[in-house]
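Heads up: the structure comes next, in structure tokens.
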Amino acid sequence: MLSVVVTLVPEFNNVSGDFILGVTLAILGTLITSIGDVFSLYNSEKNIDPVIANMVGMFSATILLLTISIVTNQNFIIPDKVSYWIGLLYLSIMASFVAWLFYLHLVKNIGASESSFMVAGFPAIGGIASIIIGESQLNIYLILGIVFAILGAHTALSKKNSK
């Protein structure tokens, strides 16, 4: 948590409704992920195929988002840029489906609570990726955030290994 807070320090100067909404959604996403970890462990103990579970989960989320979009009268725009479709395919197949399957395998092998420690490293991965793709500039807050994320993940995992 310290990693995320330190990384966001420059944004505290211009706190807006969007910033507060983003933080709220991030906290909500973390809670939902924790619940998902527990269900993933339950599914693996019941020998439920992770591909089927993943497909049902993504299909359910798609139906939910489609329903919300229709109810709130959102406009649907189909982009015509090839880069958009390549990015969408990468995010939906590799970054979502395949990455989630690896994570489910991790939950099955080491347990839900141990797997959740891996999340401590996500801010570091996000920060480094953001610099590489040019979304963020390297600054002291981002460096400290990455360092704290790595230290948090290391601390959490080393305490578990020492027991």
Check: Solvent-accessible area per residue for the chain at a 1.4 Å probe radius, Å²?
Finding: 75 Å²
Check: In whole Hz, what ³J(HN,Hα) sequence does the range 121-134 give by Karplus (6.51, -1.76, 1.60; θ = phi - 60°), x for Gly and Pro?
Finding: x, 4, x, 5, 4, x, x, 5, 4, 5, 5, 4, 8, x
Check: Ignoring ligands, DNA and RNA, what percent of the accessible area of the range 1-151 is carbon or sulfur (1.4 Å)?
Finding: 73 percent
Notebook entry, point to check: Between Lys46 and Val5, what is the label-to-label distance in nm when each label sits 7 Å out along the Cα-to-Cβ direction?
Noted result: 3.8 nm
Notebook entry, point to check: How large is the helix-only mean residue ellipticity at 222 nm for the chain, computed as the sum of -39500 (n - 2.57) over DSSP H runs with n ≥ 4, divided by its residue count, in deg cm²/dmol to the nearest 500?
Noted result: -23500 deg cm²/dmol
Notebook entry, point to check: Which part of the range 3-27 falls in the paramagnetic zone of Ile68, meaning amide N under 15 Å from the point 7 Å along Cα-to-beta-carbon?
Noted result: 21-27
Note to self: Given Cα positions, please report Rg to Rh for the range 28-111, the hydrodynamic radius being the Kirkwood one.
What the structure shows: 1.05
Notebook entry, point to check: Under a point-charge model restricted to the Cβ atoms of Lys and Arg (+1) and Asp and Glu (-1), what is the dipole moment magnitude of the chain relative to its Cα centre, in debye to the nearest 20?
Noted result: 400 debye
Margin query: Can you classify the range 1-145 as rounded, prolate or oblate using the Cα gyration tensor, where a ≥ b ≥ c are the square roots of its eigenvalues, rounded means a/c under 1.5, and otherwise it's prolate if a/b beats b/c and oblate if not?
Written below: oblate
Check: So, with +1 on the Cβ of K and R and -1 on the Cβ of D and E, and no other charges, what is the size of the charge dipole of the range 34-127 about its Cα centre, to the nearest 20 debye?
Finding: 100 debye
Notebook entry, point to check: Going by a ≥ b ≥ c, the root eigenvalues of the Cα gyration tensor, does the range 80-130 fall in the rounded group (a/c under 1.5), the prolate group (a/b larger than b/c) or the oblate group?
Noted result: oblate
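The values are calculated or read from the model by the stated rules, or taken from the named source; none is laboratory data. All values reported here derive from a predicted model rather than from experimental measurement. Cβ sites come from the backbone with ideal geometry, for glycine too, and all protein chains shown count toward neighbours. These area figures cover heavy atoms from the full protein model, side chains too; ligands, DNA and RNA do not enter into them. Shrake-Rupley method; radii C 1.70, N 1.55, O 1.52, S 1.80 Å.
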